[in-house]
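See structure below.
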Amino acid sequence: MDNRQRDGDTTASHEHKRMWGGRFSGETDDLVRRFNASIDVDSRMALEDIEGSIAHATMLAERGILAQDEATSIVEGLRGILRDVLTEKIAWSIDDEDIHMNVERLLTDRIGPVAGKLHTARSRNDQVATDFRLWLRRATEDLIALLADVRRTFVDFADQHLGIIMPGYTHLRVAQPVLLSHHMMAYYEMFTRDGERFEDSLKRLRVSPLGAGALAGTGFPINRRRTAEMLGFERVTRNSLDAVSDRDFALEFLSYASIAMVHLSRLCEELILWSSEEFSFITLPDSHTTGSSIMPQKKNPDVCELVRGKTGRVCGNLMSLLMVMKGLPLAYNKDMQEDKEGVFDAVHTLQISLELISTMLPTIDVHAERMRDAASRGFSNATDLADYLAKRGLPFRQAHEVVGKLVMLADSEGVRLENLTLSRMQEVSDLIGYDIYDVLAAERVVSARTSYGGTAQSQVKHQIRSARKVLGRA
Ligand code: ARG
């Protein structure tokens, strides 16, 4: 490995021949050299870059643009580099700025000047767009699979905890009792939509910009469909200017990743609340909590807090790329080199967050009694009392008023609605009969809600069953 190839080498290397150096007589400022380089970030796309180059060289030979023996030596050289990348034998150099020129330099070192023919009918502009799309396509496919794991975890959890009643909240005030399984299946729905969004984005990711050249296309008789096919793209971009300027696919990815992180963050917020001393609905496992360096009693929900916190950086990455793109004239601008870091970071953050949730969720200890008890506090059956009166012919608005009075009465006596005697209740409304006590039990309140998608066990079971069917297919 020569000096130039040492990773992070920041010493000025004046003998270094820049790939674009022909029209320059002066040296690049050393700080500029470092500022300009993207290799520390884009070396992650090494495999995609080499793959793209192999496809390009193969096509060039098929079209007679390169001689077959030239293409063969290029492809073999690239395969050698690929092997060395996979076995981590390569040290990248900031002197060659980015992954594209690093690979070309390595190729030149290995096969000599014929390596210079690889860049025929190609630009780094269509090259980087191709690499990035290839990389993101794979990352998206992996995330879809991870999301399916998470969804499975939620369905299993819902199945295992069927029957546990908890308070449902609005405004973080007890609203109506619901099944814990119902609550968790709500997250299943969110993660399902996340998966669908990523899935949908694949059809826009599977479009090849390769062959757009610097911006205007090329005069060489290339075959864009052929390289697209070799790289697993479904079609080619229709407009060469758009092909090299478009980063919608990255913005779209970051939007969807942000939405998914927001879902995880809301879940984590709930788990933090539920595991607090005040709620005590659940106990988080030791494996996903940490202690305090000063307070010996503490068991902190760090994982949940960090997932919630890291949601900020993923959303930040979206904002950051939106801001990078918003004022750019067509076509390529160097600003766009800023597109990858946030995407790589978002992929990593979402991946690890999803993995953490799917390992943590099954190990959560649920305190069913605490949940059940909390579910009957806060007059959570008041709506059911109003419904009872409405079913007896009282207009719902009036029923609402009557129950409001009963709540005030119970509240002033410090009891629950079901603890008011029948005669006290009848003083407020003579429509109330003894059967009211059946209606007011939390179990009844839950089991009464049989409307489609409601919290009655029959409905939640239905949700679980159809989720299993969908996941079976996934
Ligand atoms: N490293 C560059 C990027 O990531 C590659 C494209 C460079 N193109 C150029 N015309 N300077 O955007």
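Results, tabulated for the structure shown:
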| read-out | value |
| --- | --- |
| Top-ranked residue in the stretch 200-214 [being away from the ligand (no atom under 15 Å from the Cβ) and part of a loop (DSSP other than H, G, I, E, B); ranked as surrounded by the fewest Cβ atoms within 10 Å (Cβ to Cβ)] | Arg206 |
| Search result, residues across the stretch 185-225 that are hydrophobic (A, V, I, L, M, F, W, C) and within 30 Å of Arg152 (Cα to Cα) | Met185, Ala186, Met190, Phe191, Phe198, Leu202, Leu205 |
| Scope the stretch 288-324; condition buried (at least 19 other Cβ atoms within 10 Å of the Cβ) and either within 16 Å of the ligand (Cβ to nearest atom) or assigned to a helix (DSSP H, G or I) (or both); matching residues | Val303, Cys304, Val307, Arg308, Lys310, Thr311, Val314, Cys315, Asn317, Leu318, Leu321, Val324 |
| Members of the stretch 215-240 found to be surrounded by fewer than 20 Cβ atoms within 10 Å (Cβ to Cβ), within 16 Å of the ligand (Cβ to nearest atom) and over 20 Å from Leu66 (Cα atoms), listed by number | Leu215, Ala216 |
| Condition met for Leu330 (among the aliphatic types (A, V, I, L, M), farther than 27 Å from Gly168 by Cα, surrounded by fewer than 13 Cβ atoms within 10 Å (Cβ to Cβ) and in contact (Cβ under 8 Å) with a residue 12 or more places away in the chain) | yes |
| The lone exception for Val85 - which of (1) surrounded by fewer than 23 Cβ atoms within 10 Å (Cβ to Cβ); (2) of a type outside the set (Gly, Ala, Ser); (3) within 16 Å of the ligand (Cβ to nearest atom) it fails | (3) |
| Pair list, Cβ < 8 Å and 6+ apart or interchain, from the stretch 85-113 residues that are free of Cβ contacts under 8 Å to residues at least 60 places away in the same chain and within 20 Å of Thr72 (Cβ to Cβ) to residues that are assigned to a helix (DSSP H, G or I) and of a type in the set (D, E, K, R) | Val103/Asp49; Ile111/Glu76 |
| Members of the stretch 98-118 that are touching an Asp or Glu at 6+ places or on another chain (Cβ under 7 Å) and within 16 Å of the ligand (Cβ to nearest atom) | Asp98, Ile99, His100, Asn102, Val103, Arg105, Leu118 |
| Gly112, sole failed condition from (1) in a loop (DSSP other than H, G, I, E, B); (2) at positive phi | (1) |
| His288, sole failed condition from (1) in contact with a helix residue (DSSP H, G or I) (Cβ under 8 Å, 6 or more places away or on another chain); (2) under 23 Å from Phe191 (Cα atoms); (3) modelled with pLDDT of 95 or more | (3) |
| Asp95, sole failed condition from (1) in a helix (DSSP H, G or I); (2) within 16 Å of the ligand (Cβ to nearest atom); (3) more than 30 Å from the chain's Cα centre (by Cα); (4) within 26 Å of Asp69 (Cα to Cα) | (4) |
| Scope the stretch 370-395; condition under 29 Å from His263 (Cβ atoms) and not polar (S, T, N, Q); matching residues | Arg370, Met371, Arg372, Asp373, Ala374, Ala375, Arg377, Gly378 |
| Per-region count, the stretch 32-68, residues more than 23 Å from Arg225 (Cα to Cα) and either hydroxyl-bearing (Ser, Thr, Tyr) or more than 16 Å from the ligand (Cβ to nearest atom) (or both) | 2 |
| Some residue of the stretch 33-44 being β-branched (Val, Ile, Thr), under 14 Å from Arg122 (Cβ atoms) and modelled with pLDDT of 95 or more | no |
| Meets criteria (of a type in the set (Val, Ile, Thr) and within 30 Å of His263 (Cβ to Cβ)) for Val445 | yes |
| Residue tally, condition out of contact with any helix residue (DSSP H, G or I) (no Cβ under 7 Å at 6 or more places or on another chain) and not in a helix (DSSP H, G or I), over the stretch 325-364 | 5 |
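So that you can scan it fast, the table gives a plain yes or no per residue for (1) touching a residue at least 24 places away in the same chain (Cβ under 8 Å); (2) more than 16 Å from the ligand (Cβ to nearest atom); (3) within 33 Å of the chain's Cα centre (by Cα):
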| residue | (1), (2), (3) |
| --- | --- |
| Glu338 | no, no, yes |
| Leu356 | yes, yes, yes |
| Glu369 | no, yes, no |
| Gly393 | yes, yes, no |
| Phe396 | no, yes, no |
| Val402 | yes, yes, no |
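The values are calculated or read from the model by the stated rules, or taken from the named source; none is laboratory data. Predicted model, so just to flag it, every value in this text is computed and none were measured. Cβ coordinates were reconstructed from backbone atoms using ideal geometry, including for glycine residues, and neighbour counts include every protein chain displayed.
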